[in-house]
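Here is the structure we will look at.
Laboratory data are not the source of any read-out in this text; all were calculated from the coordinates shown. Predicted, not measured: the structure shown is a model, and the values here were computed from it. Note: ideal-geometry Cβ built from the backbone for every residue, glycine included; neighbour counts use all protein chains shown.
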Amino acid sequence: MNAEQIGELRRIYRQSDPGWKRELALLYQYYAHDKEKALLDIAAMTAALGAMALTKSGGEPQLTPQMEEAFRLQYPNVDLHQVLADGTVADYLNGWKGKYFEVLVRDALNNGEAVGDIQLAEGQTAILADSPTQQGWDLQILNANGTMAQELQLKATDSLG
């Protein structure tokens with residue numbers, strides 16, 4: 001998440017229903033007691049909660065293309081806008097957050113950034129599994145010729161295990 005996106009989230013929360021601000025504060029308190037919690041985990045959950053807050057307060061959801069893609073990949077048979085409209089989005093947040101993390105990692109790698117100690121070599125591409133229930137891996141690194149270089153399991157967590 002870049003500074004512009006964080007600023008946009010801040011603007012959204014300033015306009016949102018005070019009840020959601022209290023819930024966000026509780027979420028912050030949950031993570032604040034453990035300084036090792038992943039910032040990306042908080043950002044992904046906050047982005048999803050931002051969409052929820054806007055929907056509850058009568059505004060149009062401010063979803064990024066990455067957020068929409070993550071929901072579609074995680075829940076291919078569920079209509080995101082229907083979930084937002086009927087208020088059941090909380091039922092989907094955990095899976096959505098995890099897939100959003102995977103999308104962010106894929107995009108960062110494909111943009112030439114290092115994620116931890118992983119950085120793509122010249123000509124390599126990172127792709128996500130087609131199925132949300134793919135066994136053993138979430139992301140593949142493909143060589144320029146299309147052969148698989150590496151399979152990775154991704155988790156948005158504070159545990160190295």
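Each peptide in 92-105, 121-134, 67-80 receives the mean, over its residues, of other Cβ atoms within 10 Å, and ordering these scores from highest gives 92-105, 67-80, 121-134. Extending 7 Å from the Cα toward the beta-carbon at both VAL78 and THR133 defines two label points whose distance is 1.5 nm.
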